[in-house]
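Working notes, structure below.
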Amino acid sequence: MKILTVVGARPQFIKAAALHRELQSVPDIQEILVHTGQHYDKDISDIFFQEMEIPTPKYNLGIHSLKHGAMTGRMLEAIENVIEQEKPAMLLVYGDTNSTLAAALAAKKNFIPIGHIEAGLRSFNMGMPEEINRILTDRISDLLFCPTDAAIQNLYREGFEHFNCEIAKTGDVMQDAALYYGQFSAAHSNIIERIGNDEFLLATLHRAENTDNPQTLIELVEALNQIAKEIRVVLPLHPRTRKKLEELESKPNALTIGPVGYFDILELLKHCRMVATDSGGLQKEAYFFGKHCITLRKQTEWVELVHQGVNLVAGTNAEKIVDSYHVLSQRHSDFTIDLYGNGTASKCISSILVDYLGKL
Ligand code: UD1
Ligand code: UDP
């Protein structure tokens, strides 16, 4: 049976790598990879395929750097063509990017069942493109693979039990990836040698709501600069943020490096003192590696981290971010509680998929 997996952005390569490893061992499943092209620079695309040994996608649609409507629309049309050619039994999508929504729409319009990995997450902020993408994708998906209890509750609150879909709690495939590739990262990365051994806070920034408003970006740079007076700040820059920072006068007083590959980021996570980020993925990875996290947004979808006391949602106010750094510096937390499945999510998803496909 053919499964079409559509990916397009950095976090999706990481998530798809974890499930791909699992699906490889299922004899009756043939997974065909489609890369929409949304992320195209080598250091946020190709490097993940190489390091994580993901096969080169059969299709690369080369669609990127467009406004939301144009990007989603062109992807929808191109993915429909791939569906017509491959006639898959099922289509898999990850997360909440424009590639996710475009692929889900293309499948639904062609009566192909959809499996959504990372279903049910909500920020309750409809100003975020990701919130629109994830709500619409969930609504038309047939199999909703939820990483957490909070995700399941969100779906029930929206009445999903009345829709014709299966909802399952599976854990988070990102933890599968972190645990598996984390075994090899030290051998494949020299990032700690390159940046030196002094203590550091690992920061990343790329969300549209943070980068595209100059006032917000200046405030965030100010926050990192204040923290940098107390601890070194290492900031691997997403290309979107690099471009926006070039337009600003205020510069981060941090060790800015290009976006790094997966082995490097795993080593940075292992060695850092704390994480400050607006990334969804990094918030969880901080937990996997026993690090506190300051979330540089007003909401998080990963509410269990906040309940656990390991993540402070600081928003974008510099004073609040610096205060959060001080609070978390003194905090001793338990990072051993199983919030995300402890590496079993891909197995769980694969077995649900096999059952589902067997009934088609
Ligand atoms: C996208 C996702 C976001 C996700 C992030 C992961 C949407 C709406 N957003 O945001 O949810 O968290 O990926 O990293 O789908 N660019 C490059 N090189 C690249 C890719 C992008 O220079 O390889 C630049 C281009 O100027 C582009 C801009 O970054 O216009 C934004 O890229 P885009 O893919 O639209 O959104 P991301 O910010 O990457
Ligand atoms: N990541 C990486 N290199 C970097 C920054 C992030 O490999 O320089 C990884 C990170 O560890 C996580 C994923 O990319 O696994 C998260 O992607 P991103 O922050 O771009 O998107 P989000 O998770 O917010 O959608």
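Residues in region 100-113 that are touching a residue at least 12 places away in the same chain (Cβ under 8 Å) and surrounded by fewer than 24 Cβ atoms within 10 Å (Cβ to Cβ): 105, 108, 109, 110, 112, 113. Evaluating residue 227 against the criteria (1) surrounded by 16 or more Cβ atoms within 10 Å (Cβ to Cβ); (2) part of a helix (DSSP H, G or I); (3) within 15 Å of ligand 1 (Cβ to nearest atom) leaves one unmet condition, (3).
Among the conditions (1) modelled with pLDDT under 95; (2) within 16 Å of ligand 2 (Cβ to nearest atom), the only one that residue 25 does not satisfy is (2). Restricting attention to region 245-266 and to residues that are within 16 Å of ligand 1 (Cβ to nearest atom) and acidic (Asp, Glu), the residue that is modelled with the highest pLDDT turns out to be 264.
Pick from region 172-212 the residues that are within 16 Å of ligand 1 (Cβ to nearest atom) and assigned to a loop (DSSP other than H, G, I, E, B): which of them is farthest from residue 298 (Cα to Cα)? If we take residues in region 172-212 being within 16 Å of ligand 1 (Cβ to nearest atom) and assigned to a loop (DSSP other than H, G, I, E, B), then 172 is farthest from residue 298 (Cα to Cα). Could you run through region 96-125 and say how many residues are within 20 Å of residue 346 (Cβ to Cβ), within 16 Å of ligand 1 (Cβ to nearest atom), assigned to a loop (DSSP other than H, G, I, E, B) and touching a helix residue (DSSP H, G or I) at 6+ places or on another chain (Cβ under 6 Å)? The number of residues fulfilling the criteria is 3. Taking residues in region 31-53 that are at negative phi and in a helix (DSSP H, G or I), and partners anywhere that are more than 15 Å from ligand 2 (Cβ to nearest atom) and not charged (D, E, K, R), the pairs with Cβ atoms closer than 7 Å and at least 6 places apart or on different chains are 49/56. Note on region 284-327: residues that are over 24 Å from residue 148 (Cα atoms) and either out of contact with any Asp or Glu (no Cβ under 6 Å at 6 or more places or on another chain) or part of a helix (DSSP H, G or I) (or both) amount to 11.
The values are calculated or read from the model by the stated rules, or taken from the named source; none is laboratory data. Source: prediction; values computed, not measured. Positions of Cβ are generated from backbone atoms using ideal geometry, with glycine treated the same way; all protein chains shown enter the neighbour counts.
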